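Report on the structure given below.
The values are calculated or read from the model by the stated rules, or taken from the named source; none is laboratory data. Computed from a prediction, not measured in an experiment: that's the story for all the values here. Cβ: placed from backbone, ideal geometry, glycine included. Neighbour counts: every protein chain shown.
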Amino acid sequence: MADTREVTVTVNGESRTATVETRTSLGDFLRHTLRLTGTHMGCEHGVCGACTVLVDGDAVRSCLMLAVQANGREITTVEGLAAAVGTLSPLQAAFWKHHGLQCGFCTPGMLTSLTAFLRDNPNAGEKDIREAISGNICRCTGYQGIVDAALDAAKSMQEG
Amino acid sequence: MVVRYLGAEVQRMEDPRLLTGHGRYVDDMTMEGMLHAAFLRASHAHAKIRAIDTSRAAQLPGVHRVFTHADLGPKYGHRMNQLYPAPVIEVNKTQYPLSKDEVCYVGEAVAVVVADSRAIAEDAVALIDVDYEVLPAVVNIMNALEDGAPLAHADTSSNLMGRMRSQFGDIDDAFAKADHVFQAAFMQHRGGCHSMETRGCIGRDDPWGDGLTLWTSAQSPYLIRRALATWLGEPEERVRVVAPDVGGGFGPKAGFYPEEIVIPLLARFMERPVKWIEDRREHFMSTTTQRDQHWNLEVACTSEGKILGLRGKVTHENGAYIPYGILLPNSSLTPLPGAYAIPAVDVGVDIVFTNTVPNSPVRGAGRPCGIYAVERMIQTVSRNLGIDPAEVRRRNYVRPEQMPYETGATLRGGAKCVYDSGDYEALLEKALELADYAGFKERQAAARAEGRYLGIGVSSCIEDTGMGPYEGTTVRVEASGKVAVRTGAASQGQGHHTMIAMIVAENLGVSPEDILFESADTGKFPHGVGTIGSRVAANVGPSAFDAATKVREKALRLAAEVLEASEADLDIEDGVVRVNGAPDLSITLGELAIKLSPASAMRVPAGFDPLLEATSYDGSSGSPIACGSNVAEVEVDVGTGEVRVLRYSVAHDCGVMINPMIVHGQIVGGVVHGIGNALFERMIYDDQGQPLTTNYGEYLLPLASEMPRVDVTHMETPSPLNSLGVKGAGEGGTIPAAAAVVAAIENALTEFGVEIDYYPVDPQYLTGLIDRGAAQAAE
Amino acid sequence: MKPAPFTYHDPTSADEVVALLGRHEDAKLLAGGQSLMPMLNMRFVVPDHVIDLNGVAGLAGVRDAGDALELGAMTRQRDLMADAAIAAKAPIVPEALDWVGHFQTRNRGTIGGSLCHLDPAAELPCLMAAYDAVLKVQGPDGVREVPFAEWPLAYMMPSLGPDEVLTGIRVPHWPDSHGHGFVEFARRHGDFAIVSVAALLTVEGGKIARAAIAIGGADVRPIRLEAAEAALVGAAPSPDAFRAAGETARGIEAMSDAYVTSAYRQRLAATLVERALIRAAERANGGA
């Protein structure tokens, strides 16, 4: 008999409840149970960073956390980064402007990670940003567009 | 006034969707009644299968069925197709979709479980018992052809898959009249693709409706459609293959895999959609990679460093099966004269089987290997003659006035390789300037005074891009005025939507936002080829341009009749045809489209075909040859052997740039892939053929923290081979990178006499060379 | 890569954890999950029961006990990095943690999880070896204390019984004037170390008064370079002395694997011991 639990989370401001097998990762729960497929599973062993989401504001690997551990927590996924549907957050807009994505698969994890990092480190320079995203693998861009976007976003957020 | 898009840094049309989490990758899709599959994969590199017991797995709650080769039945019991048959293939081994009685690499699909969820399917896989008779495995290409070496396949007599040779000019004469002959031998290792999205597919079979549909994370959906239909013995029209958003390709997704047969078959057997998503461990074991090539070359040259000839032998690792014909060894030989006018070449390749995952192109395919080989020989000449490496290159480049320059080598399709345009020396000078090559000696001396070791390395490359036959485009204006643009070319992040929208928008006088772009769906466009070999810009670019031109001409001809004006007085702006000087006289493209697709009983205007639509397959009349020169500046920590790339400069020429921002992204991403090859990425098998690097802690992909900022400058020498003057840009960053980095490391360690004969250059290997050099210096 | 089925438990007290461990034979404790979860996903471990420590009260936090820092086993790595008492008393801890994974994994990863997982290449065990830290382990018979030197029994095997849980770590103070240096060589930022070195020094009257040198990654457990420590005491902090200390590391027991030979690990250890000592000496007595 599968071990299941009822899990209630607030995702992108909305309360969601579902019953899951306890072995289900938070990432699979978001993607396949709640159908928020913006979060991507790239390695399922915690290295690539594509599945990064914010749990109570902290960037964490959703493949390394069980869905049941998120019970009662507040979660932000890439779908919830912009203030309103049809708009982009300053960081998302900077990714667009600086060609910070190609295939788009690592992008959700880059955005969630950098959203948290720039919030906590608004004066970050290039070296800090490169270290911050060293836990997020991108095979397409060579990282430069991502770094440029983060630097630009940090600047615009400070000015804004 | 015509709005210019071509050449502008237009922000990508793809991005808002992807940035907000609304992409649609294959694992994002779900279907009514969908089941999930997981594969049992061979745990031995080489073994006979005595028996498979699936009974325990089949009994697990939530499991629908378990399939082995035998369970697929005699109708589906044959080996996979050879996609690229070639006469040089002496032993034609393709695999069975599920192993029949012998497994030849770890990761080969042996059985598959269909269950309610992926997790249950994996539970059941663990319950399948396979009785193997383990056979000796061949892993190392250097002894695979020796007498008594284990055989990769039990029913063959040799591990030689085939031999090829690139031969032109009078090689004996070149070596006879040379002042010097130098030799170098080196191993090249390239890893896997590691697209951040793994492979994966969904099959659905609706025999009374749409037929068989396969959604798959792939670069060449049309190739898969043909291969799958051929394998099934069914018409292509009843097989639809769709590549939705694809999270990176880099070569290995351009082929046709066992899972792309098995999953649609399971959908057929189960009469329900079936999904399989490769996990990262499967990606390491079962997605094709590139791996080892050993080169042993001799170069004949004059005392001034003018190269007369190049000869030698290559041993190429093929892996266990042949999914891609001989594309990879072929592409290793094609670029052999590199950017240089080398009159004579004679290099042969032995292609050998090993009990490792089958081999396929990875970004650049064999080109990075061929270019690395040529560039290593330039370094060899430079070192032995004491001539600056940049100067040796200057003395050997193909010169602009020699264009078109026929090298003597042949392209994949068998055509002669002809360099169409470019100024290689000017490109080198731009790269050297960007890198402040002139100021390097001073930087190096200052660092040495602090006990730090800096080095600089140069490499130049050519790249045959834009291979045929075509990649067509249809442009159709619909009644709403929106423009539907369809092509076969699949995208894995290259920005095709943006690029094609820019071309169509500029030519047709509409806004790129009004273009509805669809691609990579065999149900929506009759035929396409695939996104490989930096071929899309030089094929879709011209076809999109031509189709848009035809639509424009048709619209203007019809508008001239409707508005009673001369075509010469008409212009299209933002989707509206206006008469110059008569601002009130106008008609929208949508209105013209309605006239050409009228309601019942109405007539299409006389002299016009229906629909405001055109299709073109215009492409390039040959392979446009892109070129580049790269300069790497590195620091080596002799205490640890660590290499840091401090600065990386690229001068690149891919002809006319459609969107320089996208080109820049391709170059930078490609360089970082190449640096990964040079320093980090190593797919290790033990001597039993067990893959050891099967996670991202052990297989080292380049990270932001170690990668340098890449400075890029361009020249735009138009290609004469297509209407836009474009050349491909997707692989030009990767191809020369390893050669530049390795040359820079050697330069940094000149006082230790370090000569590198292997990449990726890991720190342990490098400290070994440093210590040996230091010991020799001390003697 | 989905975990095999297990039964999940979320106790709220250490007593309850011990009771659950006593009741269930094949159970795994889940701390931050940054090592266990990958192993579950890959089915390298297939436990019947997973006991989650994240809801257990009183296991997280940092307290200055006067002569030592008391660290709760479930204190997250990022909280260790940000803690003012640690920054003041044991600044090598945040320096070493900068090498541990990435900020996203440090948001979950705990010190106790790292010490129990006991990866030979992990930074925190190396650090605890340098400090001669004392580990508090709770079992059915109460709490016992284990000096770090006795903690690793074998490769990735701590001195932890099947019904025991690590609850805290005691990190003895060094004098405020001590210098520290943590250096590491890994291929990429955030990777496990090939070799890491933690060095602590006090310098009094121009002479080294006390030294601790721990090497991680080289062998199955952290190594203390005791002979070199002894040789340094009483010596002036000089490049020659530090080079000589480094040279002794060439003789350490080191392991070989598919990627790295023991000889290379020994060579690295020599380089890194010297570098760590130089850095520690620069910082002693309030130096830079």
**Message:** Looking at residue C:104 and the list (1) surrounded by 18 or more Cβ atoms within 10 Å (Cβ to Cβ); (2) in contact (Cβ under 8 Å) with a residue 60 or more places away in the chain; (3) in contact with a Gly (Cβ under 7 Å, 6 or more places away or on another chain), which single condition is not satisfied?
**Reply:** (2)
**Request:** Just name the residue that is surrounded by the most Cβ atoms within 10 Å (Cβ to Cβ) out of those in the stretch B:565-595 that are more than 17 Å from residue B:610 (Cα to Cα) and among the charged types (D, E, K, R).
**Result:** B:578
**Residue list for the stretch B:702-742, restricted to those being touching a Phe, Trp or Tyr at 6+ places or on another chain (Cβ under 7 Å) and either β-branched (Val, Ile, Thr) or assigned to a loop (DSSP other than H, G, I, E, B) (or both)** = B:702, B:704, B:707, B:708, B:710, B:723, B:724, B:742
**Prompt:** What do you reckon, is residue C:280 in a helix (DSSP H, G or I), touching a residue at least 40 places away in the same chain (Cβ under 8 Å) and over 30 Å from residue B:772 (Cα atoms)?
**Reply:** yes
**Prompt:** When only residues in the stretch C:123-145 that are of a type in the set (A, V, I, L, M) and crowded, with 24+ Cβ neighbours inside 10 Å count, which is nearest to the other protein chains (Cβ to nearest Cβ)?
**Reply:** C:124
**Request:** Quick one: which residue in C:11, C:5, C:47 is over 22 Å from residue C:96 (Cα atoms) and without any contact (Cβ under 8 Å) to a residue 12 or more places away in the chain?
**Result:** C:5
**Message:** I'm checking my understanding of the structure. Among residues of the stretch B:711-734 that are within 27 Å of residue A:43 (Cα to Cα) and either touching a Ser or Thr at 6+ places or on another chain (Cβ under 9 Å) or surrounded by fewer than 20 Cβ atoms within 10 Å (Cβ to Cβ) (or both), which one is farthest from the other protein chains (Cβ to nearest Cβ)?
**Reply:** B:731
**Fill in**
Residue set B:108, B:133, B:90, B:122; condition crowded, with 24+ Cβ neighbours inside 10 Å and of a type in the set (D, E, K, R); output residue B:108
**Prompt:** Considering only residues of the stretch A:7-58 that are in contact (Cβ under 8 Å) with a residue 60 or more places away in the chain and not in a loop (DSSP other than H, G, I, E, B), which is farthest from the other protein chains (Cβ to nearest Cβ)?
**Reply:** A:10
**Request:** Please work out which one of (1) farther than 21 Å from residue B:637 by Cβ; (2) at pLDDT 95 or above is the condition residue B:468 fails and give its number.
**Result:** (2)
**Request:** Looking for whichever is touching a residue at least 60 places away in the same chain (Cβ under 8 Å) and within 26 Å of residue B:279 (Cα to Cα) here; the options are B:37, B:8. Which one fits?
**Result:** B:37
**Message:** Being more than 26 Å from residue B:695 (Cα to Cα), of a type in the set (Phe, Trp, Tyr) and away from chain B (no Cβ under 14 Å): is that true of residue C:182 here?
**Reply:** yes
**Asked** Hey, does the stretch A:73-85 have a residue that's touching a residue at least 24 places away in the same chain (Cβ under 8 Å), within 14 Å of chain C (Cβ to nearest Cβ), among the basic types (Lys, Arg) and surrounded by fewer than 24 Cβ atoms within 10 Å (Cβ to Cβ)?
**Response** yes
**Prompt:** Going through the stretch C:1-15 one residue at a time, which ones are more than 9 Å from every other protein chain (Cβ to nearest Cβ) and either of a type outside the set (Asp, Glu) or under 24 Å from residue A:26 (Cβ atoms) (or both)?
**Reply:** C:9, C:11, C:12, C:13, C:14
**Hits in the stretch A:139-158 - residues which are in a loop (DSSP other than H, G, I, E, B) and more than 14 Å from chain C (Cβ to nearest Cβ)** = A:139, A:140, A:141, A:142
**Complete set of residues in the stretch C:238-265 that are within 14 Å of chain B (Cβ to nearest Cβ), surrounded by 18 or more Cβ atoms within 10 Å (Cβ to Cβ) and part of a helix (DSSP H, G or I)** = C:242, C:246, C:249, C:264, C:265
**Request:** Please work out which one of (1) under 24 Å from residue B:667 (Cα atoms); (2) assigned to a helix (DSSP H, G or I) is the condition residue B:534 fails and give its number.
**Result:** (2)
**Fill in**
If we ask which residues in the stretch A:75-94 are modelled with pLDDT of 95 or more, assigned to a loop (DSSP other than H, G, I, E, B) and aliphatic (A, V, I, L, M), their number turns out to be 3
**Request:** With the condition kept exactly as written, say whether any residue in the stretch B:621-638 is away from chain A (no Cβ under 13 Å), hydroxyl-bearing (Ser, Thr, Tyr), closer than 30 Å to residue B:478 by Cα and crowded, with 20+ Cβ neighbours inside 10 Å.
**Result:** no
**Request:** State all residues of the stretch A:116-135 that are over 24 Å from residue B:712 (Cα atoms) and either more than 13 Å from chain C (Cβ to nearest Cβ) or not in a helix (DSSP H, G or I) (or both); if no residue qualifies, say none.
**Result:** A:121, A:122, A:123, A:124
**Asked** Which residues, taken from the stretch B:175-198, are among the acidic types (Asp, Glu) and crowded, with 19+ Cβ neighbours inside 10 Å?
**Response** B:197
**Asked** All but one of (1) under 28 Å from residue B:353 (Cα atoms); (2) crowded, with 20+ Cβ neighbours inside 10 Å hold for residue B:43; which doesn't?
**Response** (2)
**Prompt:** Scanning for something facing another protein chain (nearest Cβ under 9 Å), buried (at least 23 other Cβ atoms within 10 Å of the Cβ) and closer than 18 Å to residue C:188 by Cα, does the stretch A:104-115 turn up at least one residue?
**Reply:** no
**Request:** Only residues that are among the small types (Gly, Ala, Ser) and either part of a strand (DSSP E or B) or away from chain C (no Cβ under 14 Å) (or both): list them for the stretch B:743-770, please.
**Result:** B:743, B:744, B:748, B:753
**Prompt:** What's the number of the condition residue C:41 fails, among (1) within 21 Å of residue A:67 (Cβ to Cβ); (2) more than 9 Å from chain A (Cβ to nearest Cβ)?
**Reply:** (2)
**Odd one out for residue C:219, checked against (1) within 14 Å of chain B (Cβ to nearest Cβ); (2) outside any helix (DSSP H, G or I); (3) closer than 15 Å to residue C:185 by Cα; (4) not hydrophobic (A, V, I, L, M, F, W, C)** = (1)
**Item:** All positions within the stretch B:243-270 that are over 27 Å from residue B:291 (Cβ atoms) and either small (Gly, Ala, Ser) or away from chain A (no Cβ under 14 Å) (or both)
**Value:** B:264, B:265, B:266, B:267, B:268, B:269, B:270
**Prompt:** For residue C:244, all conditions in the list (1) in contact with a strand residue (DSSP E or B) (Cβ under 8 Å, 6 or more places away or on another chain); (2) at pLDDT 95 or above; (3) among the small types (Gly, Ala, Ser) hold save one; what is the number of the exception?
**Reply:** (1)
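Give, as residue ranges, the strands (runs of 3 or more DSSP E) completely inside the stretch B:176-241 that count at least 3 residues that are on the phi > 0 side of the Ramachandran plot.
Of the strands (runs of 3 or more DSSP E) lying wholly inside the stretch B:176-241, none has at least 3 residues that are on the phi > 0 side of the Ramachandran plot.
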